[in-house]
Every structure is written in C-alpha cells, then in structure tokens.
Amino acid sequence: MTAPAKTPAPAPTTDDRLLETSLLRRLMGRPELGAVVGAAAVFVFFALVADSFLRAQSLSTVLYASSTIGIMAVPVALLMIGGEFDLSTGVMVTSSALVSSMFSYQMTANVWVGVGVSLLVTLAIGFFNGIMLVRTKLPSFIITLGTFLMLTGLNLGFTKLISGTVSTKSIGDMEGFESAKALFASRLSVGDVDLQVTILWWAGLVALATWVLLRTRAGNWIFAAGGGPHAARAVGVPVSSTKIGLYMAVAFCAWISGQHLLFSYDVVQSGEGVGNEFLYIIAAVIGGCLMTGGYGSAIGSAVGAFIFGMTSKGIVYAQWNPDWFKFFLGAMLLLATLLNAWVRKRAEARK
C-alpha cells in the first residue's frame with residue numbers, strides 16, 4: 001500500500017502592509033524629508049502670492065540664487081556630518097577671488113596663472129583649518145572664527161596695500177579672461193531661458209558628494225567621525241585625515257565660488273562675503289544636518305539652498321519689502337529644525 005502523497009506546504013505570502021511600512025520607514029528616516037516638505041510648501045506659497053514666480057526666467061533666477069549658496073552648502077553639509085563647523089567660508093570665497101585677481105594683475109600674467117595660484121592658496125587655508133583642529137584639539141568654532149578674523153583683515157589690508165583702494169583692478173582685458181569666464185561665470189541658453197553655469201557646478205557637486213557619502217568608504221568615515229570620533233578611531237577610521245580632507249573640500253568649493261565672483265564682475269570688493277557663512281550653515285541645517293554631527297545628506301543641503309533661493313527671489317516677485325527677508329530666513333531655520341527633529345523621532349520610534 002502506497003503512502004498518500006504529501007500536500008506541498010503553501011508558499012509563504014508577504015503582507016503588503018509590511019512592505020508599505022518598510023517603505024514609509026525608509027522615507028521617514030531620510031534626513032532631507034523635512035526639507036523637501038518645506039520646499040514644496042514655500043514653492044506653493046510663492047506660486048500663489050507672486051504671479052511672476054512661475055515664469056521660466058524667474059525660476060532660472062531662483063536656481064541661480066540657490067546655486068551661489070548651494071555650491072558652498074554641499075561641503076559645509078559634509079563637514080557638519082563629520083562633526084565640525086567652518087565660520088571662515090564666506091570670507092574664504094572673497095580671499096580666493098582677491099588672490100586670483102591681484103596675482104594676475106600684478107604679475108601681468110595670463111589670468112589662468114592667477115586662478116591656479118588661488119587654488120593652491122585656498123586649499124592651504126583649508127589645510128590650515130584642518131591641521132589646527134586635529135593638532136590643537138580646540139573646537140572648530142574657535143579655530144575657524146580665528147581664521148575668519150584673520151582673512152577679513154588680510155583681504156582688506158592686502159587689497160588697500162596693493163591696489164590703493166578697497167577693490168581690485170580690472171582684469172577684463174587680460175589674456176585668458178574670456179576662457180576663464182566661460183568656465184566659471186558663463187550663461188547657457190536653453191530655449192528662451194538663460195541658465196548660469198553655476199547651476200551645473202552645483203548639480204555636479206551634489207551628485208559627487210552624494211556618491212561619496214553613500215557609495216564609498218570615505219562616506220562611512222565621514223558619518224563615523226561625526227557620530228563618535230573615539231569609537232571611530234577604535235575601529236580604524238582615520239578621523240584626523242578625514243576631517244582635514246573635509247576642510248580642504250570646503251576650500252575647493254570656496255575657490256569655485258570665488259572664481260565665479262571674480263569673473264562675473266571683473267573686480268572684487270575686499271569686504272564681500274562677511275556673513276555668508278551663516279547662509280551656508282542654514283542651508284545645511286534646513287536640509288537635515290544635525291548640529292551634533294553624524295547625520296545629514298548632500299541632497300538635503302541642495303534642498304535647503306533651493307528654499308533660500310525661492311525665499312530671496314520670491315519676496316522680490318511678490319513685491320514685498322526685502323527687509324523682511326532675514327525674518328523669513330530665521331523663521332524657516334527654526335521651523336525646519338523642529339520639523340527635522342520631529343521626523344527623526346518618528347523614524348526612530350518605528351524601528
């Protein structure tokens with residue numbers, strides 16, 4: 001007598017609710033989620049109150065304003081994820097432009113020589129910040145505040161000593177100016193809309209930083225260095241080298257922004273850039289970076305910069321008094337920080 005055939009066990013089924021919960025959990029855990037919600041709200045708000053906001057040329061202007069902040073917000077966000085600050089970024093941009101302009105003019109050299117010298121000098125400033133941090137163990141707030149004050153004095157002192165005024169001499173007629181302008185300050189026509197090349201620089205830097213953070217060992221080091229430097233050292237993370245590298249990345253982007261400043265206007269005022277460091281930090285914080293380090297994203301910094309661009313230009317398109325801009329910026333900073341904290345707590349509660 002043959003044994004009856006066994007009925008095969010039914011295949012396990014996956015509850016769709018579990019998949020939905022998993023997807024929601026992943027979305028809630030993204031650091032830029034709060035910034036995306038805020039950006040959508042700001043976009044809808046100005047689209048309703050300003051008739052010209054949705055015009056193609058207006059959006060191009062918004063993107064340009066966003067890119068000038070966003071280029072610097074990207075490395076600042078990485079630095080904050082790594083657990084540090086840099087208060088010298090605003091004047092470092094101006095220093096980069098001044099070195100490039102004055103070296104080219106005084107040496108009567110091709111402007112590309114000045115651009116190259118400026119790159120070396122700016123990277124040296126970033127290296128100085130990083131090496132001072134890891135050697136002295138002082139807070140980055142103190143070190144970069146000192147660098148900020150020194151660069152502010154050097155920018156003014158050297159410009160007046162060399163040029164006799166607070167601004168540089170014109171280099172618009174020098175060899176290489178047009179080719180350098182094409183790289184750092186040109187306009188690209190897309191239909192009837194002109195787009196500044198800084199938008200491409202910004203998009204490229206965001207893509208590169210996102211790849212580094214999410215797909216490379218260096219990205220793991222950045223998160224580890226910001227989340228717990230002592231624990232990171234215990235498992236072999238080169239915390240000191242990582243932080244020096246982050247400061248040099250900030251300097252590199254300051255060089256890009258400085259060259260854009262120079263080749264957009266031909267001359268540079270030595271007092272420019274003071275206060276912009278707070279805009280870069282605000283964009284990173286609105287984008288989800290924690291002040292304590294170890295959390296954030298490059299995409300979030302881009303969204304934060306976009307919110308800045310929409311607000312700064314939306315107020316103009318709505319024909320409001322621009323004196324209110326700083327109020328809205330401060331309010332957005334507080335609201336975004338509260339929203340990001342709420343989203344993060346909800347994400348942690350679902351784990």
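The values are calculated or read from the model by the stated rules, or taken from the named source; none is laboratory data. Note that the structure is a prediction, hence the values are computed from the model and not measured. Here Cβ is always computed from backbone atoms with ideal geometry, including for glycine, and neighbour counts include all displayed protein chains. Ligands, DNA and RNA are stripped out before the accessible areas are found, and what is left, the full protein with its side chains, is counted by its heavy atoms. Shrake-Rupley method; radii C 1.70, N 1.55, O 1.52, S 1.80 Å.
Distance between the pseudo-spin-label points of Ala182 and Phe127 (7 Å out from Cα toward the beta carbon): 3.2 nm.
Percent of accessible area on region 167-210 owned by carbon and sulfur, 1.4 Å probe? Carbon plus sulfur share of accessible area: 58 percent.
Using a 7 Å offset from the Cα along the Cα-to-Cβ direction at both Leu161 and Ala318, what is the distance between the two label points in nm, to one decimal? For Leu161 paired with Ala318, the spin-label model returns 4.7 nm.
Quick one: ranking Glu175, Glu84 by accessible area, 1.4 Å probe, largest first, what do you get? The partial results should precede the final answer.
On the way: Glu175 135, Glu84 25 Å².
From most accessible down to least: Glu175, Glu84.
Could you give the dipole magnitude of region 189-301 about its Cα centre, charging the beta-carbon of Lys and Arg +1 and that of Asp and Glu -1, in debye to the nearest 20?
That gives a dipole near 760 debye.
The share of accessible area on region 51-132 that comes from carbon and sulfur is 73 percent, using a 1.4 angstrom probe.
Sorted by packing (mean other beta-carbon atoms within 10 Å per residue), highest first, where do 250-258, 327-335 land? Before the final figure, lay out the partial values.
Values: 250-258: 26.7, 327-335: 14.1.
In descending order of packing, they fall as 250-258, 327-335.
Taking all protein chains as shown and a probe of 1.4 angstrom, His230 keeps an accessible surface of around 150 Å².
Calculated accessible area for the chain comes out at 50 Å² per residue, all protein chains present (probe 1.4 Å; ligands, DNA, RNA ignored). In the chain, the DSSP-assigned H stretches of four residues or longer account for a calculated mean residue ellipticity at 222 nm of -24000 deg cm²/dmol, using -39500 (n - 2.57) per stretch and the full residue count as denominator.
Given a 1.4 Å probe and heavy atoms of the protein chains only, how would you sort Lys160, Lys243, largest accessible area at the top?
Details: Lys160 110, Lys243 20 Å².
Largest to smallest exposure gives the sequence Lys160, Lys243.
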